[in-house]
Ligand SMILES: Cc1cc2nc3c(=O)[nH]c(=O)nc-3n(C[C@H](O)[C@H](O)[C@H](O)COP(=O)(O)OP(=O)(O)OC[C@H]3O[C@@H](n4cnc5c(N)ncnc54)[C@H](O)[C@@H]3O)c2cc1C
Ligand SMILES: Cc1cc2nc3c(=O)[nH]c(=O)nc-3n(C[C@H](O)[C@H](O)[C@H](O)COP(=O)(O)OP(=O)(O)OC[C@H]3O[C@@H](n4cnc5c(N)ncnc54)[C@H](O)[C@@H]3O)c2cc1C
Ligand SMILES: Cc1cc2nc3c(=O)[nH]c(=O)nc-3n(C[C@H](O)[C@H](O)[C@H](O)COP(=O)(O)O)c2cc1C
Ligand SMILES: Cc1cc2nc3c(=O)[nH]c(=O)nc-3n(C[C@H](O)[C@H](O)[C@H](O)COP(=O)(O)O)c2cc1C
Ligand code: FES
Ligand code: FES
């Protein structure tokens, strides 16, 4: 039986399959469907310093092989998370990684600082790529300077594994990846959603209350795979890949392109058991090809 | 009956429906299927100064709701075009617009110069966004400076309507649009394909001989609509929108987002008659909504 | 919550748009207890265009046959594909989802007001109320006679009043104009249907001091609380329609402002 | 070239993977003249995953019944959906596409060598050669007996030789090892099947000075010359397989280099 363990910085995952922030709630929502302990990790919903109501309804539109969302980081804030959610979810037999979002550098720093004290909270994912908030969010992720700045600031207060989540809405994602690597990121995760839009032609209104929103799902997979490959070839830190993964074959594709671990996002909505199926599929693929460890497959596309 | 005529600079289209470069050959390929005279225009295959063999096989991979291609501007060069293709296609009762590509500014200029002399050749589309050639191509389209530079150079030798085709692989497409507008473009068309990639997990090889290629089809539509909307709000010149249009509803969506005309690309492969169906669908929509002219719909999304 | 393959036992067109489809778990396992107002998320196969599941109310649970009933109206590609299924086809379903209508502790005069396919969850609710020994009344609205669905099923559980916009059946007009609202006294109104209808019903209930619950049909991506797409603005802030709804007491909603 | 809806008249499984499907234009119009080696592009409905059309060879034209025959092997989602069609279903087809096998002017000893579903266009070719009064010979290969398709149809037009890898039918081994290649003299070989097989056949033909045409199955997006995705490297440079092929004289290809 092939080895499935992978490391992201100091973070040890029992297998490379994790679930993407904003698509898996706090894990609890999936407890009825799967054994959460069989996952490598769970990236919980974007968490901010203060509670947020998110954007107005409608927040969702279906698109060809994907969806747009403009949830806008609705969450009850980091204090509520620590007091009410953390005590429950820290009991899960998997890694819980908080996705940290903010409008200002101070927000990110203050939130990360609070999370640093929690044991059983081995890592955070710095979300500098959310397209659905007016201030901050994606704007940090689209320039090397601001991406490096927020990464460096959080690095100073957060000693555990820090993963920085990159925006695909840029000319060169590998430049941004190099900038955050230089600023102390232990890993980069990509991609967040693509900025998109849809219009109802009868009402002539945008389908989302915010006009634009984030595109996710299988439609984005070819672009996401390309970005993972570019970033894998540009940085030394491990890459966590995602974007449209809907089966184990997609997961293998991302691993071959250079992902040390993968996140399953939107497809959890369609098949809430997909993440465990992917764990099984990867294992069988490795066995079938006599590959001793999934680590031996990372970035091993033949050129 | 609603008016369908639109103008792009000095170029008069009988209706806003045109076909995208590289997906419609030289029109001839579709003669059996539709009356080419019922189209607003035909953007013919990317044409370069010298003949090109294009990239190696395989050049195509199917993706969720789309495809990747890496044709790489295979064409017989502008002289062959002028001598052998132009004499045939200039007889079509529609606008023929040549998509001009190159590796250097001198290439673009020399090609445009040769085309400027042809009557019945009212416009060119400057392709500064092809992701499938090693040199030039997309690299011109991803920075404001180089985009402006090539536009300005061609402007000097090409007095007729010059449309500049933008790359979506950028952080801010509206900045590039403003740059080429400032450099003398009469119109901008968008989007070209998104840089993507796919891997065959059994052979572990990229599905395209070039590793990466251009993603097109319905999958990209939400991003393309958003970019059209952004550019429409940033420039004064007319915008020609495309990216995944597969029916008249999609065409209306692009028009509402700010497209004065639209191009139908990949979907021609699936339904070679789709362009004329779209002309009819737009006309019926306008009549049903009592809109006198399609021009009254451009950019009229309600906010 | 579970995700399970179901087999289509029957698919009966009720009119040109609406189908009553009865399904049973493929593996034969007994259906768990479910409550009126709850819904299911259906995976649509064999479609180019449908990516997300489609939410559909539980119309009835037939314990004797271990069948779940759904009533589906063709409005687009997803519901079209569901309506085209034939006996023996399978359908992957996540169920049961959402909260449910509240069943009063004591005998209460209830009125169940539905419009179009919005009557779907009211049949199951009527059955439960009737099992409790309360005799519910039903007020069903449609554009024309054929829009009134499952009439004889409703009649098993209580009096049925109808309105049609063209007057072809029952009283002419909208549900909120029906004379029964003036003649009879109701203590609890449940409603499901097009939003303008539900808002009108809610206003009637509110101004007559009648308790009222409405079942919402917000756009959903997941259906089980994971995506936060389906929110409704309430007096408590934004809440998920799929977990804290689809049934809301109208006092919680901001419709009456 | 035309794009037209066809009706499935029959769908006959030939073994666990391969189906013979007969279709006729829905509007009843007579099929135009078509030539062996040409292919059609089929639109796949009811699929989540299939975006592009699927190219399939013309297996036969039955003028009496105005039917087009195709032989389809399930290899993925697209061919799966095509094989699942039943009588009465429709199928949108672009046809006829591509060039065709050349028919010798004078009587010639021809051998038609096919592997697996690659035998599909050879039946139509065999029929045409036989109509011309030439008696073609066929050499069909497969892994095992059940891979040999449409044997009795082929036998109508000429002698049929077979190989199977497991020896369950005909001679054991690959087509290029069949004794008929040594025993009989052929002046023209046509081949269609897996590329390694065609390359071996081409090499045999070339070293024995036999004229040879091969039918290629390059990946295609459009099928009618518009996308330039299907190119094959030839002595003339890159050419489109869909318009200048799928049939190539092996001398034009770079396989023998
Ligand atoms: C809790 C709940 C219970 C429901 N119960 C039933 C039921 O019992 N029977 C029934 O026929 N329908 C029910 N619906 C509505 C049903 O989900 C939609 O009609 C269906 O999703 C439309 O899918 P489509 O692909 O056919 O149409 P689409 O092509 O997706 O859309 C057609 C039209 O329907 C609207 N629509 C799309 N998705 C939804 C959605 N999730 N909710 C509401 N409207 C939508 C679109 O805005 C559009 O105007 C329910 C919805 C919810 C949220
Ligand atoms: C001119 C021509 C004639 C053909 N004639 C026949 C025929 O008569 N009968 C028949 O069964 N098949 C024929 N094929 C092959 C057939 O087109 C493919 O098997 C089919 O497209 C696969 O689609 P899929 O969705 O089932 O498989 P996919 O899931 O798309 O792919 C499964 C496998 O098939 C390969 N494949 C996919 N598309 C093609 C393609 N266009 N050409 C070749 N291989 C492909 C893939 O690389 C993959 O390995 C022909 C192909 C061409 C180009
Ligand atoms: C409804 C929804 C909410 C999301 N919320 C967040 C979030 O809070 N923080 C974040 O970093 N990414 C968020 N994302 C992005 C996903 O984590 C992921 O990056 C993206 O969806 C691409 O992966 P996928 O195609 O597999 O979904 C969200 C995505 C969706 C669909
Ligand atoms: C096979 C193929 C070849 C293309 N060749 C060209 C080209 O030569 N020049 C160009 O500007 N765009 C080219 N494009 C891009 C299209 O013109 C269009 O911008 C893109 O496909 C997006 O539109 P669509 O999604 O409707 O196809 C090509 C696209 C495809 C699919
Ligand atoms: S539909 Fe996903 S949270 Fe309600
Ligand atoms: S498949 Fe498009 S040119 Fe041949």
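The residue of region C:207-257 that is farthest from the chain's Cα centre (by Cα), among those that are away from ligand 3 (no atom under 16 Å from the Cβ) and within 8 Å of chain A (Cβ to nearest Cβ), is C:237. Of all residues in region C:70-78, none are closer than 27 Å to residue A:34 by Cα, at pLDDT 95 or above, away from chain D (no Cβ under 14 Å) and not in a strand (DSSP E or B). Scanning region D:69-106 for residues that are surrounded by fewer than 18 Cβ atoms within 10 Å (Cβ to Cβ), without any contact (Cβ under 8 Å) to a residue 60 or more places away in the chain and over 18 Å from the mean Cα position of the chain (by Cα) yields D:76, D:77, D:80, D:84, D:105, D:106. Tell me whether region B:99-118 contains one or more residues that are farther than 26 Å from residue B:159 by Cα, crowded, with 18+ Cβ neighbours inside 10 Å and free of Cβ contacts under 8 Å to residues at least 60 places away in the same chain. No - not one qualifying residue is present in region B:99-118. Among residues of region B:200-225 being without any contact (Cβ under 8 Å) to a residue 40 or more places away in the chain and closer than 25 Å to residue B:242 by Cα, the one that is farthest from ligand 3 (Cβ to nearest atom) is B:211.
What do you reckon, is residue D:95 farther than 20 Å from residue D:195 by Cβ and touching a strand residue (DSSP E or B) at 6+ places or on another chain (Cβ under 8 Å)?
Details: farther than 20 Å from residue D:195 by Cβ: yes; touching a strand residue (DSSP E or B) at 6+ places or on another chain (Cβ under 8 Å): yes.
Taking the combined requirement at face value, the residue satisfies it.
Suppose we filter region D:33-46 for residues that are crowded, with 17+ Cβ neighbours inside 10 Å and within 13 Å of residue D:78 (Cβ to Cβ); how many remain?
Narrowing region D:33-46 to residues crowded, with 17+ Cβ neighbours inside 10 Å: D:34-44.
With the extra rule that they be within 13 Å of residue D:78 (Cβ to Cβ), the set shrinks to D:41-44.
The number of residues fulfilling the criteria is 4.
Does residue A:66 fit the bill of being modelled with pLDDT of 95 or more and more than 14 Å from every other protein chain (Cβ to nearest Cβ)?
On the way: modelled with pLDDT of 95 or more: yes; more than 14 Å from every other protein chain (Cβ to nearest Cβ): no.
Judged against the criteria, residue A:66 is not a match.
Under the condition of being buried (at least 24 other Cβ atoms within 10 Å of the Cβ) and within 16 Å of ligand 4 (Cβ to nearest atom), the residues counted in region D:207-223 number 4. Count of region B:18-38 residues, restricted to those that are closer than 16 Å to residue B:98 by Cα and away from chain D (no Cβ under 14 Å), is 1.
Applying the condition of being closer than 19 Å to residue C:57 by Cβ and surrounded by 19 or more Cβ atoms within 10 Å (Cβ to Cβ) to region C:194-206 and asking which residue is farthest from the other protein chains (Cβ to nearest Cβ) yields C:201. When residues in region D:202-237 are screened for being within 16 Å of ligand 2 (Cβ to nearest atom), touching a helix residue (DSSP H, G or I) at 6+ places or on another chain (Cβ under 7 Å) and within 18 Å of residue D:103 (Cα to Cα), 2 of them pass.
Which of the residues belonging to region D:9-32 are more than 20 Å from the chain's Cα centre (by Cα) and crowded, with 17+ Cβ neighbours inside 10 Å?
If the condition is that a residue be more than 20 Å from the chain's Cα centre (by Cα) and crowded, with 17+ Cβ neighbours inside 10 Å, then D:9, D:25 are the ones that fit.
The values are calculated or read from the model by the stated rules, or taken from the named source; none is laboratory data. Since we're looking at a predicted model, the values are computed, not measured. Cβ atoms come from the backbone with ideal geometry, glycine included; neighbour counts cover every protein chain shown.
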